[in-house]
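Structure record follows, encoded as structure tokens.
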Amino acid sequence: MCGIAGAVGKDAKVLVLNMLEVLKHRGPDGSGTFSDGDITLGNVLLKITGEKNQPISNDGVLTYNGEIYNFREIAKNLDINTDSDSQTLFALIRSRGIEAAIQELDGDYAFAYSENGKTTLVRDPVGVKPLYYVTGEVFAFASEKKALSGMGQNEIRVLKAGYMLNYNATSITEKKVASFSSGKLMTIENEAREMLFEALEQSIRKRYYKPCAIAFSGGLDSSFLAALCKDAKLYSVGMAGSHDIKQTRYAAQLLGLLDNLHLHEITTKELESAIPNVIKAIESPDPLMVSIALPLYFASKHAHSDDLRVILSGQGADELFAGYKRYESQNPEDLEKALRIDLDNIAQNNLERDDAVTMVNSVELRVPYLDKKVIELALSISPELKIHEGIRKYILRLAASKILPDEIAWKEKKAAQYSSGIYSAMEKLARKNGYGRALRNYLVDLMEKSNI
């Protein structure tokens, strides 16, 4: 996991060095740049897989952020000996070309490749790893919007999930190069249950990194992860006396994982100090976004303090298996459409926020529910198995019940921002600071005062 940046045009290297300084929290283990004429690519490194420094160059040049989970298989097919997924990706591009290479990748990634005056940006099909860019006098890109701020150019744009952008001196083009397909409709309950359990087990196995953290709320999604990663450390946070504080302790006890639980009760003072950091990280004062980001911010902060570099979360389970209450009233056809829309928008709505708050603590977020095979399986499962007799996430609960106690597998859970007590505590802070019920105004002013 890293931060990447690049620029094409006048003073490209200076711009990239400035961007890397902004992104240094994403890569505390080193940084590098490579220049060829008016093109400079750069990288800040968080070492997880392999020892290869970036950018990688040999005729072409690559800077890459992410994890390629099948890189060893690809390296074997290419007949190269390496422990580096970035080196494997570079060799694959050189061997197959970018578009063909993308079709072989199983992972979460954003990368830039430059050769013969053309720079190409690529983002994984879910959008787990972010990538932003600007055009104008200079073309520039970076892993976070804040690195592109103040360039005095056009608006900062996001490269959409599954898209490839090509830039050269005369043109810029974008096209979709990676997506998901659904197989034959699955309507048999036991078949769907077994296949889903196996797909999630494989997804978690791919993403597991020792030592590993889990953002743990005690609900279905994170408990399923915990039950399949029994030596992972479980990080849970909430305001004193909140539902999450009680639920996580109870769930960890039911799972026999109390010794793995790192439970932190947030004080009002801690919350007040953290809010500006979270607003800066996610670059938004939206109350809902901030309140959702805060628990993951604290969890990853404590994981970092314990020298952990990877944290798993249950992100994506609600969008794939109909976890939100708003899905309940929809007929099967409309539900299927709504779930697909939410999956298509999950990068913008959730993943970019979650990446920002974990990486500000130099911790890589991995999302097992958003594995390609899990997604394609979920897309093929009948909507009647996702909401069944009024039970949301029915098929996921059924799969999880193979290893989870019924008290967890079938229990409904409140949204994190409410169950953690954080949203209510933010409203109290707004009132304390003279904003009455205007929580948004309080957060906007915090953003302006902090020069965010």
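The values are calculated or read from the model by the stated rules, or taken from the named source; none is laboratory data. Nothing here was measured: the structure is a model prediction, and the numbers come from that model. Counting neighbours? That spans all protein chains shown, and the Cβs are built from the backbone with ideal geometry, glycine included. Ligands, DNA and RNA are excluded from the accessible area calculation, which covers all protein heavy atoms including side chains. Shrake-Rupley method; radii C 1.70, N 1.55, O 1.52, S 1.80 Å.
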Could you list, in sequence order, the residues of region 168-204 that are hydroxyl-bearing (Ser, Thr, Tyr) and under 26 Å from the mean Cα position of the chain (by Cα)?
Thr173, Ser179, Ser181, Ser182, Ser203
Restricting attention to region 346-391, the residues that are of a type in the set (S, T, N, Q), touching a residue at least 24 places away in the same chain (Cβ under 8 Å) and under 28 Å from Leu45 (Cα atoms) number exactly 5
Check whether at least one residue in region 269-278 is assigned to a loop (DSSP other than H, G, I, E, B) and over 19 Å from Asn441 (Cβ atoms), and report yes or no.
no
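Residues Leu78, Leu41, Leu20: which one is out of contact with any strand residue (DSSP E or B) (no Cβ under 8 Å at 6 or more places or on another chain) and either open to solvent by less than 80 Å² (accessible area, probe 1.4 Å) or at pLDDT 95 or above (or both)?
Values: Leu41 fails: out of contact with any strand residue (DSSP E or B) (no Cβ under 8 Å at 6 or more places or on another chain); Leu20 fails: out of contact with any strand residue (DSSP E or B) (no Cβ under 8 Å at 6 or more places or on another chain).
Answer to the selection: Leu78.
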Kindly indicate whether Thr267 is within 22 Å of Lys449 (Cβ to Cβ) and out of contact with any Gly (no Cβ under 7 Å at 6 or more places or on another chain).
yes
Looking only at region 293-327, how many residues end up being part of a helix (DSSP H, G or I) and acidic (Asp, Glu)?
2
Pairs returned, first residue in region 156-175 that is closer than 22 Å to Asp106 by Cα, second residue that is of a type in the set (A, V, I, L, M, F, W, C) and part of a loop (DSSP other than H, G, I, E, B), beta-carbon separation under 6 angstrom, 6 or more apart or interchain, are Leu159/Leu131; Ala161/Val126; Gly162/Ala178; Met164/Val177; Leu165/Leu159
Which one of the conditions (1) assigned to a loop (DSSP other than H, G, I, E, B); (2) open to solvent by 70 Å² or more (accessible area, probe 1.4 Å) does Gln330 fail to meet, given that it meets all the rest?
(2)
Looking for whichever is of a type outside the set (Lys, Arg), open to solvent by less than 10 Å² (accessible area, probe 1.4 Å) and more than 18 Å from Met19 (Cα to Cα) here; the options are Leu131, Leu148, Leu121, Leu165. Which one fits?
Leu165
Give the number of residues within region 168-200 that are out of contact with any Ser or Thr (no Cβ under 8 Å at 6 or more places or on another chain), small (Gly, Ala, Ser) and either assigned to a strand (DSSP E or B) or surrounded by fewer than 17 Cβ atoms within 10 Å (Cβ to Cβ) (or both).
4
Within region 211-219, does at least one residue satisfy the condition of being closer than 22 Å to Ala299 by Cα, open to solvent by 60 Å² or more (accessible area, probe 1.4 Å), not in a helix (DSSP H, G or I) and not small (Gly, Ala, Ser)?
yes
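Would you mention how many residues in region 367-379 are open to solvent by 10 Å² or more (accessible area, probe 1.4 Å) and closer than 21 Å to Asn190 by Cβ? Outline the logic, then answer.
First, pick out the residues of region 367-379 that are open to solvent by 10 Å² or more (accessible area, probe 1.4 Å): 372-373, 376-377, 379.
Remaining after also requiring closer than 21 Å to Asn190 by Cβ: 373, 376-377, 379.
Final tally of qualifying residues: 4.
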Return yes when Ile341 is more than 30 Å from Lys24 (Cβ to Cβ), part of a loop (DSSP other than H, G, I, E, B) and β-branched (Val, Ile, Thr) and no when it is not.
no
Lone unmet requirement of (1) over 24 Å from the mean Cα position of the chain (by Cα); (2) at pLDDT 95 or above; (3) open to solvent by 70 Å² or more (accessible area, probe 1.4 Å) for Ala251:
(3)
Select from region 23-38 the residues that are open to solvent by 10 Å² or more (accessible area, probe 1.4 Å) and either touching a helix residue (DSSP H, G or I) at 6+ places or on another chain (Cβ under 8 Å) or at pLDDT 90 or above (or both) and list them in ascending order.
Lys24, His25, Ser31, Gly32, Thr33, Phe34, Ser35, Asp36, Gly37, Asp38
What number of residues within region 220-241 satisfy the criterion of being closer than 15 Å to Ala299 by Cβ, assigned to a loop (DSSP other than H, G, I, E, B) and open to solvent by 10 Å² or more (accessible area, probe 1.4 Å)?
0
